[in-house]
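So the structure is just underneath, and the comments pick up after that.
Where a number appears in this text, it was derived from the coordinates with a stated rule and is not lab data. In this text the structure is predicted, and so the values were computed from the model without any measurement. Glycine gets a Cβ as well: all are built from the backbone with ideal geometry, and neighbour counts include every protein chain shown.
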């Protein structure tokens, strides 16, 4: 198993802890449907994905994962309140146009919301900006800024402040160290490479 796959396994295992057996799950920015496939195998969930990339939707279909092709915000608006037990944003919040409104919609549509994101307050990112004046290029973000989609990167501290300002309840949270395979228990805003939050209204 590659290092990248090991990291995703840890991520998936943490998310699966918070998902109930047979839950209705909506994965926003589902990519190729790998997380939903995992949750179907481990927790027998009824899972639906949403992604803007049509090729990724085709990959979902090949995996037997139902998925919608389209804009996350537009599709969220079509669902009733509490239509899902859990809504998941795995590395997708920073890519949406209006994350504040999208997260509010996620909390309306889902009883619980999972948010996983790269911590841009991680010490390596800070040093690269301090000494090089440039963003980090690595296996997480292997492309230069001009080859990537627009994004709004944020840190653990910024996300905590957002939840407090919006009175969003943090039910659980796990911070992963820079290798994304072991948990970070101290100074997460500086030492955690990745964070996963379990939220409710």
**OP:** Using every Cα-Cα pair within the range 120-201, state what percent have a distance larger than 20 Å.
**Re:** 40
Original post:
How far apart, in nm, are the 7 Å Cα→Cβ label points at residue 138 and residue 126?
Top reply: 1.4
Original post:
What's log10 of I(q)/I(0) for the chain at q = 0.07, 0.12, 0.13, 0.16 Å⁻¹, Debye sum over Cα points only, no solvent?
Top reply: -0.19, -0.59, -0.70, -1.09
**OP:** Please give the helix 3-18 orientation as an angle from the longest Cα principal axis of the chain, in degrees from 0 to 90, rounded to the nearest 10.
**Re:** 50
Subject >> Percent of beta bridges antiparallel (DSSP, the chain, rounded to nearest 5) >> reply: 45
Subject >> Approximate spin-label separation residue 52-residue 186, in nm, with each point projected 7 Å along Cα-to-Cβ >> reply: 4.1
Original post:
Could you put 86, 91 in order, starting from the residue whose Cβ has the fewest other Cβ atoms within 10 Å?
Top reply: 91, 86
Original post:
Which FRET efficiency value, to the nearest 0.05, is calculated for residue 74 and residue 147 with the Förster distance at 35 angstrom and r the Cβ-Cβ distance?
Top reply: 0.85
**OP:** Return, for the Cα atoms of the range 29-78, the radius of gyration and Dmax in Å, separated by a comma.
**Re:** 10.4, 30
